[in-house]
Amino acid sequence: MRTQDVVKSHSQLLQKEMISRNYDRITGGEAKVSSTFVPGNLNELLMCFDIANNLPEINAIQNAMRKKSGEMITNAERSGHSEDVCTYVKADIGMMEKGNIAPNGKPFPNPDMLLLSYTGCFTSLKWFELLREQYQCPTVMLHVPYAADGKPTKNMRDYIVKQLKEDVIPLMEQVSGIKFDIDRLREYLRKSARAEDDLVWMLEQSKRKPSPIDCYFGGVYYMGPIFTAFRGTDEAIDYYQMLRGEIEQRIKLGLCAQTPEGDMPEEKYRLVVEGPPNWTSFREFWKMFYEMGAVVVASTYTKVGGVYDYDDFRHDPDHPLATLADYCLGVYTNRNLPTRVDMLARNVKEYEADGLLINSIKSCNSFSAGQLVMMREVEKLTGKPGAFIETDLVDPRYFSAANVKNRLESYFQMIDQKRRAGGSALAS
Amino acid sequence: MSKKSVKEIVSFCQEIFEDISFIRAREWKDAHPGRKVIGYMPVYVPREIIHAAGMLPLGILGGGADMEVIHGDAYYQSYICRIPRSTIELAITGRLDFVDGMMFPSICDVIRNMSGIWQLLFKDKFVRYFDTPQNFEDQVGGAFYVQELHELKAGLEKLGDCTISDADINNSIVVYNENRAWVNKVYDYRAATPWNAPAAEVYLLMRAGMVLPVEEHTRLMQDYLAAADREERPMRDNCRVTLIGTFCEQPPLNLIKSLEMAGCYIVDDDSMLVTRWLLKDVPSDGDPLENLSQAFLHHSAETAAKYEPNLEEKGNYMLESIRKRGADGVIFAAPSFCDPALLDQPMMVKRLKDAGIPYITMQYAENSGQMQPIREQAGTFADSIKLWSAS
């Protein structure tokens, strides 16, 4: 399919424009820039200091979708980085060696600070130590403890709040020259909560049959504003209202999920997917699903930045620092495996899915370690079959289209067999 | 002090090393009704608190080179390191059935998630993910850590149906201070006379400390040093290296032997750091949890799993160890797919390059069998060091 043939909704176009605008701001030379991570990112706090938010995972994804990440990764490996480690890190380091060019074609400036939000991913700790070597800029660690017993504790929350007060906010003040204004933060958090309400409404619409949206491949577009540089802004509120309007219209018309080739004609299979997508062959990967009539009704990747639809978290302007702590603590990969299993099993049941598909990512142990056990546990809890495929985030060497397609076809045959044996009913 | 020979002591340690059913720990538990055993994984847990509860801390370092992993591969993908799959193998084959609780330190995402696997598969066991602070300020990371220690203590009290007093912990601190002192004496002795304390012997001696009660391990080290001193062993024309990267998944014993056979005396390493994580004696009076916290924050070892807040300090611990032990070079031996070791390595390599210290890198798994390439690589490294030293 040629690029101009791709069907995009107004919200998708707006999302793309918003992401582009953020790149223009980062590369514009006027704003101070902080690199930080998607999971548990502190966008509202950065906004209090007019600091632009640069997310290296998003840069790696952009490079992967433009087929540039492969060369960046091999360059990083040639300079001494192991083949065994996270390809986000190597794409980022390889990008530096290629001039650090942003998707808008302009060079990234060196960051004014590194906000090392260590949330649910050990690699992020080493990643920013590596970047610090390069940029030699002020770096602040925000250590978010792992919610190992399922629920965050007061000790964890207090620890994060203290780090915000003692280390993170003072550095932001120093870098930006702007004094922290907690009322400004409250206002942003209020806006965050408004957008989050519409976001959760959107996520829950895939309980409908047929689902008007795909919550994995489509979901990554819908998540863009909330998990990047727009949570806490009027633009995010407007975006999610527009998205809500589009989905309401789709529901009214009884449409199946939208794909790059238009609306799915029929919904045959409903899946819950665990794990990030592959980005180097994103469109090809997605096509394998919609060509077989499979829609993803819930995914854990749409919770990678923060979880809103499991225990009703919303940013709370009345407790501005504590709510940031709770947001970080609640990130999907910061939750223990029993909680992740419960979340997945609930999704399979509540969204009436045919089963759980795990896309296990070589680069991401935070997601991947334990997924085989999780799959068996979810199967036990739901009685629905699970399936397992393996790809990578941004390394094209680890996407084997034939293998993935074979496994998916086998999985759908397994679901068909289950149905014939009296299991799941037809999706729609 | 006993008059046991080095051979007898090493043979005793080798027997413990090869026993993946942990018979000695089982015997310890069976000796008195109600005794509890707490397993822990690398890198660090405060064993003093477990000891103070009257429990046996048991280091679990995977299944080793010889254990066949049959079930474990069904639990982990091929791109995940070996230690979790062999540890799961130990558990589901009943070899850890006597272990009442497991502690998983905050070393990486794989070990972290393993705590969840334990929660899912072994619901009757005490499971503690042990999160140490990455912030080293007293009122921030310190306050968090003290509370974590209190929660650990409370968990052990509940498990053991006992009370752990400050005096109990202070007594255990004394015992572990002594143990660390003897560990350091062994390391000092090896660095001074590596031909008299081969790396494989020291390794086995420390591995015994993962299983034996701490008091017994201390006596064993005392006996070893006395015995080693009584023996005359020939000094070889070897270079002196620091071995880095072995802090979690363990190298096969043959790899350690191969390095020395290839001409590299190992004069320092980062294996079993729990035995020497704290760099100074912990005060044995006052609030023991505060004291353990202070020791962790301000006097603990550096490793890839720990954040270094200060760019200028990054790598200095390694450089100081090289200087102190008189190493000529560094061998980075990282387990395959080990995120902490492999992500940290480029930064450490840069420090070595800047300091003009030679190094090589290699990878292993705990069950690596082919040692010829290792010997060739290490042998070439040793030759090149000797060649440079002579020029």
Share of Cα-Cα pairs in the protein assembly as shown lying beyond 56 Å, as whole percent: 10 percent
Accessible area (Å², 1.4 Å probe, nearest 10) - A:Asp311: 70 Å²
Where only alpha carbons of the stretch A:36-164 are counted, the Rg and the Dmax (Å): 15.7, 45
Two-decimal Rg/Rh across chain A, once Rg and the Kirkwood Rh are taken from alpha-carbon atoms: 0.95
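If I take all pairs of Cα atoms in the stretch B:4-88, what percentage of them are more than 19 Å from each other?
Numbers: 1936 of 3570 pairs.
Here the tail beyond 19 Å accounts for 54 percent of pairs.
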Estimated dipole of the stretch A:1-153 in Debye, rounded to 20 [Cβ of Lys and Arg +1, of Asp and Glu -1, Cα centre]: 440 debye
Helix A:182-204 axis, angle to chain A major axis (alpha carbon atoms, nearest 10°): 10 degrees
Rounded percent of accessible protein surface that carbon and sulfur make up, the protein assembly as shown, 1.4 Å probe: 49 percent
Separation between Cα centres of the stretch B:80-123 and the stretch A:277-296, rounded to whole Å: 34 Å
The stretch A:1-80: C-alpha gyration tensor shape, a/c 1.5 cut-off, then a/b vs b/c: oblate
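For B:Asp19, what charge total do you get from the other residues with a beta carbon under 14 Å from its beta carbon, if Lys and Arg give +1 and Asp and Glu give -1?
Here the charged neighbours net out to 0.
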Helix A:401-420 vs. chain A, principal-axis angle (Cα, 0 to 90°, nearest 10): 50 degrees
Protein-protein interface of the stretch B:131-163, residues with accessible area decrease of at least 50 Å², isolated chain reference, 1.4 Å probe: B:Gln134, B:Val140, B:Phe144
Along principal axes, Cα extents of chain B, largest first, whole Å: 65, 48, 45
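Report, in debye and to the nearest 20, how large the dipole of chain A comes out about its Cα centre when Lys and Arg carry +1 and Asp and Glu carry -1 on their Cβ.
Charge dipole of chain A: 760 debye, to the nearest 20.
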Proximal charge balance of A:Tyr351 [Cβ under 15 Å; K/R count +1, D/E count -1]: -1
Whole-angstrom Cα spans of the stretch B:264-374 along principal axes, big to small: 53, 34, 26
Rounded to the nearest 20 debye, dipole of the stretch A:62-115 from Cβ charges on Lys, Arg, Asp, Glu: 320 debye
Two-decimal log10 I(q)/I(0) for the stretch A:122-267, as the Debye equation yields it once each C-alpha is a single scatterer, q = 0.09, 0.10, 0.18, 0.20 Å⁻¹: -0.46, -0.55, -1.14, -1.22
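For the protein assembly as shown, what is the accessible area per residue in Å² when the probe is 1.4 Å?
Working: 29410 Å² over 819 residues.
Normalised by residue count, the accessible surface of the protein assembly as shown is 36 Å².
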Those residues of the stretch A:135-171 for which accessible area with every protein chain present is at least 30 Å² below the isolated value (1.4 Å probe): A:Met141, A:His143, A:Tyr146, A:Ala148, A:Asp149, A:Asn155, A:Tyr159, A:Lys162, A:Asp167
Helix axis angle, B:166-192 relative to chain B longest principal axis, alpha carbon, degrees: 10 degrees
Chain A, relative contact order [Cα under 8 Å, separation at least 6], %: 20 percent
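Go ahead and estimate [θ] at 222 nm for the protein assembly as shown from helices alone: -39,500 (n - 2.57) per DSSP H run with n ≥ 4, summed, over the residue count, rounded to 500. Show your work: numbers first, answer last.
Numbers: 31 runs with 397 residues, N = 819.
Helix-only estimate at 222 nm: -15500 deg cm²/dmol.
If you take the accessible area of A alone plus B alone and subtract the pair, what total do you get in square angstrom, rounded to 100, with a 1.4 Å probe?
Details: alone 17330 and 16740 Å², together 29410 Å².
Buried area (both sides, nearest 100 Å²): 4700 Å².
The values are calculated or read from the model by the stated rules, or taken from the named source; none is laboratory data. Keep in mind the model is a prediction, meaning the values are calculated, not measured. Note: ideal-geometry Cβ built from the backbone for every residue, glycine included; neighbour counts use all protein chains shown. These area figures cover heavy atoms from the full protein model, side chains too; ligands, DNA and RNA do not enter into them. Shrake-Rupley method; radii C 1.70, N 1.55, O 1.52, S 1.80 Å.
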